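Below is one structure; the comments refer to it alone.
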Amino acid sequence: MKRIRNKFGPMDRSLFLTWLMLVGFGLVMIASASSIKAHNEFVTASGRPDDYWYLIRQSIWIGISTVALLVFSQIDYRKLRFIAFPALFMVIGLLAAVFLPVIGGPKVLGAQRWLDIGGQSLQPSELTKIALAIYLAAWLERKGKEVKDFQYGFLPFVFVLSIIITLLYFQEDLGTTVIICIMAVAVFFISGAHIGQLAFGGLIGLLVVAGLITARPFRQARIDAWLNPGADPTGIGYHVTQARYTIGSGGLFGLGYGHSLQKYEYIPHAPTDSIFAIICEELGLIGGFVLIGLYLLLLYRMITIAHQAPDNFGRLLASGIAVWIGIQAFINMGGLLRIIPLTGVPLPFISYGGSSLLMCSIGIGIVLSISKHMKQDKKSANRVNWRRDRGTSRASARSS
């Protein structure tokens with residue numbers, strides 16, 4: 001860590017170490033949760049079952065994400081202001097591009113969310129989270145007190161958000177829609193928006209969500225499965241039922257690492273959306289609470305950095321990233337614990353998948369950049385004060 005500190009400057013070590021523990025823990029759990037699925041689906045060049053297919057690819061993505069995090073931690077976050085609008089414009093184009101026959105990826109479970117570029121899948125909705133966080137921080141900082149104005153603050157905010165929500169709606173991605181809406185409203189509130197605007201926007205948001213749910217029968221079925229999974233335990237309620245059984249079967253201490261029974265294709269999406277249930281099954285409630293504790297520590301450090309950020313842009317940007325990652329973690333775990341309906345979003349840093357891991361890691365890198373410049377600005381201010389006090393002391397000595 002001393003070498004990292006010397007090379008990469010005074011970035012927040014607690015935040016970096018927490019990210020490292022989450023990513024490492026996720027890789028260890030993917031090795032267990034994905035082994036049976038990989039064994040049944042993939043073979044090596046020699047024709048043998050490839051139990052490590054998911055593990056190898058996640059390791060590659062961790063390497064890429066680590067480089068991205070370190071790169072963004074060294075970039076002056078204030079320069080991101082200049083790419084705020086181009087980044088938003090780009091992600092809106094990518095969200096629309098998923099419907100193009102040439103580069104649009106195949107539908108997965110009825111959802112059209114991926115781009116197929118050179119044989120690699122890219123999920124633009126993951127990129128949208130960070131691009132929108134940057135755009136809102138830059139735009140709201142520039143607006144200043146105008147953010148309270150209905151015409152120049154609230155309406156433009158709703159307009160941009162509506163474009164993104166509409167595109168996500170046609171991608172059947174309600175989970176990401178909820179994450180983006182909560183993040184956007186939180187940043188809008190932190191920037192100083194009028195409470196009446198937020199109340200009005202919240203009411204409209206609830207009506208929109210209700211409309212999105214009732215407009216698609218499968219979404220209404222998910223609500224029914226959440227409220228009463230026993231009504232159709234082998235159909236729409238299967239995932240909820242299996243998640244509850246998986247978490248409960250682990251007890252306090254778990255069945256032991258690698259000894260999950262539900263990963264034998266009983267619970268859907270074991271290495272991705274349902275990995276928290278596998279963690280609770282193998283490591284028990286203690287393992288689940290440890291993971292939640294790591295997320296709380298991560299959020300605490302990000303919120304602290306946001307509070308101490310050297311400017312309003314850094315404060316809003318760090319706040320947006322913290323809300324995004326925190327809400328996404330809650331939605332994933334809350335769905336499996338049946339606190340809220342299942343939505344199918346990945347668990348940040350833990351679930352298998354490259355797009356989510358990369359974007360979340362870039363978000364952490366940006367917050368590390370804010371923390372680094374926060375400390376550097378504080379050092380510079382202390383140095384200036386020291387020189388000023390020293391000069392004052394010398395002047396006093398001469399006059400006497």
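The values are calculated or read from the model by the stated rules, or taken from the named source; none is laboratory data. Predicted, not measured: the structure shown is a model, and the values here were computed from it. We place every Cβ from the backbone using ideal geometry, glycine too, and count neighbours over all the protein chains shown.
For Gln151, the stated conditions do not hold, so it cannot be described as assigned to a helix (DSSP H, G or I), free of Cβ contacts under 8 Å to residues at least 12 places away in the same chain, touching a Ser or Thr at 6+ places or on another chain (Cβ under 9 Å) and surrounded by fewer than 20 Cβ atoms within 10 Å (Cβ to Cβ).
Residues in the range 307-335 that are out of contact with any Phe, Trp or Tyr (no Cβ under 9 Å at 6 or more places or on another chain) and free of Cβ contacts under 8 Å to residues at least 40 places away in the same chain were compared, and the one that is nearest to Gly258 (Cα to Cα) is Gly334. If the condition is being at pLDDT 85 or above, out of contact with any His (no Cβ under 9 Å at 6 or more places or on another chain) and assigned to a helix (DSSP H, G or I), then the range 227-245 contributes Tyr238, Val240, Thr241, Gln242, Ala243, Arg244, Tyr245.
Look at Asp149 and say whether it is under 28 Å from Trp114 (Cβ atoms) and among the acidic types (Asp, Glu).
Answer is no for this residue.
Is it the case that Ala199 is modelled with pLDDT of 85 or more and closer than 27 Å to Tyr152 by Cβ? In short, no.
Based on what the data block shows, is Ala225 surrounded by fewer than 15 Cβ atoms within 10 Å (Cβ to Cβ), of a type in the set (A, V, I, L, M) and out of contact with any Cys (no Cβ under 9 Å at 6 or more places or on another chain)?
When the stated conditions are applied, Ala225 does not pass them.
Pairing each residue of the range 40-61 that is at negative phi with any residue that is of a type in the set (Lys, Arg) and surrounded by 16 or more Cβ atoms within 10 Å (Cβ to Cβ), provided the two are 6+ apart or on different chains, yields C-beta distances under 8 Å for Tyr54/Lys37. With respect to the stated conditions, Val160 fails to be out of contact with any Gly (no Cβ under 8 Å at 6 or more places or on another chain), in a helix (DSSP H, G or I) and closer than 19 Å to Ile331 by Cα. Against the numbered list (1) touching a residue at least 40 places away in the same chain (Cβ under 8 Å); (2) within 24 Å of Leu80 (Cβ to Cβ); (3) not β-branched (Val, Ile, Thr), Ser351 comes up short only at (2). Look at Leu167 and say whether it is surrounded by 19 or more Cβ atoms within 10 Å (Cβ to Cβ), in contact with a Gly (Cβ under 9 Å, 6 or more places away or on another chain) and either assigned to a helix (DSSP H, G or I) or at negative phi (or both). The answer is no for Leu167.
The single condition from (1) surrounded by fewer than 24 Cβ atoms within 10 Å (Cβ to Cβ); (2) closer than 23 Å to Ile64 by Cα; (3) among the small types (Gly, Ala, Ser) that Ser356 fails is (1). Taken over the range 152-169, the criterion of being of a type in the set (A, V, I, L, M) and either over 12 Å from Arg113 (Cβ atoms) or more than 20 Å from the chain's Cα centre (by Cα) (or both) is satisfied by Leu155, Val158, Val160, Leu161, Ile163, Ile164, Ile165.
Given the condition surrounded by 14 or more Cβ atoms within 10 Å (Cβ to Cβ), closer than 29 Å to His269 by Cα and charged (D, E, K, R), answer yes or no: does some residue in the range 44-51 qualify? Yes: one or more hits. In the range 69-98, the residues that are free of Cβ contacts under 8 Å to residues at least 40 places away in the same chain form Cβ pairs under 6 Å with partners that are surrounded by 14 or more Cβ atoms within 10 Å (Cβ to Cβ) and part of a helix (DSSP H, G or I), at six or more places apart or across chains, as follows: Leu94/Pro124.
For the range 170-197, filtered to residues that are closer than 18 Å to Trp114 by Cβ and in a helix (DSSP H, G or I), the residue that is farthest from the chain's Cα centre (by Cα) is Phe170. Only a single criterion out of (1) within 19 Å of Val345 (Cα to Cα); (2) modelled with pLDDT of 85 or more; (3) of a type in the set (D, E, K, R) is not satisfied by Lys107, namely (2).
In the range 336-347, which residues are touching a residue at least 24 places away in the same chain (Cβ under 8 Å) and not in a helix (DSSP H, G or I)? Walk me through it before giving the result.
Within the range 336-347, the subset touching a residue at least 24 places away in the same chain (Cβ under 8 Å) is 336-338, 340-347.
Residues satisfying the conditions are Leu337, Arg338, Ile340, Pro341, Leu342, Thr343, Gly344, Val345, Pro346, Leu347.
Scanning the range 242-258 turns up one or more residues that are polar (S, T, N, Q) and more than 26 Å from the chain's Cα centre (by Cα). Number of residues in the range 270-300 that are in a loop (DSSP other than H, G, I, E, B) and free of Cβ contacts under 8 Å to residues at least 40 places away in the same chain equals 0. Checking each residue in the range 179-207 for being crowded, with 21+ Cβ neighbours inside 10 Å and closer than 20 Å to Val345 by Cα picks out Ile179, Ile180, Met183, Ala184. Of the numbered criteria (1) surrounded by 20 or more Cβ atoms within 10 Å (Cβ to Cβ); (2) farther than 17 Å from Leu285 by Cβ, the one Thr234 fails is (1).
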